[in-house]
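Student: Here it is: the structure, laid out below.
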Amino acid sequence: MRRREFIGLAGGAAAWPFAARAQQPATPVIGFLNTASPVAYTERLRAFSRGLEETGYVEGQNVAVEYRWADNRHDRLDELTTELIRRRVSVIVTTGGPASALAAKAATETIPIVFLVNEDPTKLGLVASIARPDRNLTGINISLSELVAKRLELLREMVPTATRMTVLVNPVNAVITDRTLRDVDAAAHTLGLQIKIVQANTSREISAAFATFVHERPDALFVGGDPFFLVRRVQLANLASRHSIPASYAVREITEVGGLMSYGVSLTDALRQVGVYAGRILKGAQPVNLPVVQSSKFELVINAETARMLSLVVPPALLASADEVIE
């Protein structure tokens, strides 16, 4: 063999691994999959970033995040998940309910998945064990069986004369809706409340639902904890005020824009925990060694100005137990 040919072959052998490494992403990439839209997630995304920073990752510096939003169209989740896999992400974060987590689980058995769900992940089939998740999934669970009952109790405390209550749910998100209705039915029976179920999954349907309240005049409104309602928070708060209906919500963001009251898990803290887990996986941790975390930070937020507008006197005990009162 000629010397020049030998040098060329040797150089090519050395160059091939280098070229292969060059094809890898310069920084790790996280895929972020959500069933809703980014409109209502500004503060929550900041919390997610804080969680990443706690593990040493700063978006735009040493980690990249690819965001995919389904805009309440669950039929797009498979397509969006496929896009993230083709992007060769190092970990997939799923938020906005069980649908996105189930879509990611069906799409890959190798890429680590960190989920945020409001239903028992073992019942959903995401993991076999809370303490020791199997395969490639782990995450944060924000579901507690007594949460819906507690929200109804607080709303009844705010409106002690209430006997007829309307429950607004999103039929598209079947897992969340079924769980909400099951828990509402049990709690309403205990409290002696008459319940009517109203469904809406578009802005127009929300407006139509409130139009029926003019004739039916429910004593109070219980809005399900669906990500779609967070996106439509201004519409919900405005319509409830316009029709003088005391309403309870699952997330504080609706109370901040004029809703009467909210009680639930702190989703900003839950997103921070998701960021921490994503960062730990990037550092080499395996999902099987990261137990599913049960979020334990709850918050009751009351909008005192809205209460006055509705001619409601907030009971002193309720004010004292509130984590925040918006004046």
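The values are calculated or read from the model by the stated rules, or taken from the named source; none is laboratory data. On a predicted model such as this, the values are computed, not experimentally measured, just so you know. Quick reminder, even Gly has a Cβ in these numbers, built from the backbone with ideal geometry, and neighbours come from all protein chains shown.
Student: Go through 250, 285, 278 for me and flag whichever is surrounded by 21 or more Cβ atoms within 10 Å (Cβ to Cβ) and either under 19 Å from residue 46 (Cα atoms) or in the same structural domain as residue 131 (by TED's automatic domain parsing) (or both). Reasoning before the result, please.
Tutor: On the way: 250 fails: either under 19 Å from residue 46 (Cα atoms) or in the same structural domain as residue 131 (by TED's automatic domain parsing) (or both); 285 fails: surrounded by 21 or more Cβ atoms within 10 Å (Cβ to Cβ).
The unique qualifying residue is 278.
Student: Just checking, how many residues over region 83-124 are under 23 Å from residue 172 (Cα atoms) and without any contact (Cβ under 8 Å) to a residue 12 or more places away in the chain?
Tutor: Residues in region 83-124 being under 23 Å from residue 172 (Cα atoms) and without any contact (Cβ under 8 Å) to a residue 12 or more places away in the chain: 2 in total.
Student: Okay, next question. Any idea which of 228, 213 is at pLDDT below 95, out of contact with any strand residue (DSSP E or B) (no Cβ under 8 Å at 6 or more places or on another chain) and in a helix (DSSP H, G or I)?
Tutor: Selected residue: 228, the only one of 228, 213 that is at pLDDT below 95, out of contact with any strand residue (DSSP E or B) (no Cβ under 8 Å at 6 or more places or on another chain) and in a helix (DSSP H, G or I).
Student: OK, next. Please specify each residue of region 26-45 satisfying the condition of being within 21 Å of residue 117 (Cβ to Cβ) and part of a helix (DSSP H, G or I). Spell out the reasoning first.
Tutor: Let us first name the residues in region 26-45 that are within 21 Å of residue 117 (Cβ to Cβ), namely 30-38, 40-41, 43-45.
Correct list: 38, 40, 43, 44, 45.
Student: Being part of a loop (DSSP other than H, G, I, E, B) and touching a strand residue (DSSP E or B) at 6+ places or on another chain (Cβ under 6 Å) is the filter; apply it to region 140-162 and report the residue that is farthest from residue 207 (Cα to Cα).
Tutor: Of everything passing the filter in region 140-162, 142 is farthest from residue 207 (Cα to Cα).
Student: Across region 113-139, what is the total count of residues that are aliphatic (A, V, I, L, M) and either assigned to a loop (DSSP other than H, G, I, E, B) or in the same structural domain as residue 184 (by TED's automatic domain parsing) (or both)?
Tutor: 5
Student: Tell me which residues, restricted to region 269-320, are among the polar types (S, T, N, Q) and at pLDDT 95 or above.
Tutor: 273, 286, 289, 303, 306, 311
Student: Out of (1) loosely packed, with under 15 Cβ neighbours inside 10 Å; (2) in contact with a helix residue (DSSP H, G or I) (Cβ under 8 Å, 6 or more places away or on another chain); (3) modelled with pLDDT of 95 or more, the odd one out for residue 326 is which?
Tutor: Of (1) loosely packed, with under 15 Cβ neighbours inside 10 Å; (2) in contact with a helix residue (DSSP H, G or I) (Cβ under 8 Å, 6 or more places away or on another chain); (3) modelled with pLDDT of 95 or more, only one is false for residue 326: (1).
Student: Looking at 184, 159, 167, which one is touching a Ser or Thr at 6+ places or on another chain (Cβ under 9 Å) and either within 23 Å of residue 298 (Cβ to Cβ) or free of Cβ contacts under 8 Å to residues at least 40 places away in the same chain (or both)?
Tutor: Only one candidate qualifies: 167.
Student: Taking interchain pairs and intrachain pairs at least six residues apart, which have beta carbon atoms under 9 angstrom, with the first residue in region 193-219 and in contact (Cβ under 8 Å) with a residue 60 or more places away in the chain and the second hydroxyl-bearing (Ser, Thr, Tyr) and assigned to a loop (DSSP other than H, G, I, E, B)?
Tutor: 219/161; 219/163
Student: Suppose the filter is crowded, with 19+ Cβ neighbours inside 10 Å and either at pLDDT below 95 or out of contact with any Pro (no Cβ under 8 Å at 6 or more places or on another chain) (or both); does residue 258 pass it?
Tutor: No, not satisfied.
Student: Then there is this: Residues that are without any contact (Cβ under 8 Å) to a residue 40 or more places away in the chain and over 30 Å from residue 54 (Cα atoms): which helices (runs of 4 or more DSSP H) entirely in region 250-327 hold 2 or more of them?
Tutor: 304-309, 316-321
Student: Which number in (1) of a type outside the set (Gly, Ala, Ser); (2) at pLDDT below 95; (3) part of a loop (DSSP other than H, G, I, E, B) marks the one condition that residue 245 misses?
Tutor: (2)
Student: Hey, another quick one. Could you please find all residues in region 216-240 being in contact with an Asp or Glu (Cβ under 9 Å, 6 or more places away or on another chain) and within 20 Å of residue 148 (Cβ to Cβ)?
Tutor: Matches in region 216-240: 230, 233.
Student: Moving on to the next point. Looking only at region 96-112, filter to residues that are outside any helix (DSSP H, G or I) and modelled with pLDDT of 95 or more; which one of those is surrounded by the fewest Cβ atoms within 10 Å (Cβ to Cβ)?
Tutor: If we filter region 96-112 for residues that are outside any helix (DSSP H, G or I), which is where we start, we get 96-97, 108-112.
Retained after the next criterion (residues that are modelled with pLDDT of 95 or more): 108-112.
Working: 108: 17, 109: 10, 110: 7, 111: 18, 112: 24.
Restricting to residues being outside any helix (DSSP H, G or I) and modelled with pLDDT of 95 or more, the top hit is 110.
Student: For region 126-175, give me each residue that is modelled with pLDDT of 95 or more, within 16 Å of the chain's Cα centre (by Cα) and either of a type in the set (Ser, Thr, Tyr) or surrounded by fewer than 15 Cβ atoms within 10 Å (Cβ to Cβ) (or both).
Tutor: Listed by number, the list holds a single entry, 138.
Student: Restricting attention to region 177-205, report how many residues are farther than 19 Å from residue 151 by Cβ and among the aliphatic types (A, V, I, L, M).
Tutor: Total satisfying the criteria: 0.
Student: Within the bounds of region 15-34, is there any residue that is of a type in the set (Val, Ile, Thr) and modelled with pLDDT under 90?
Tutor: no
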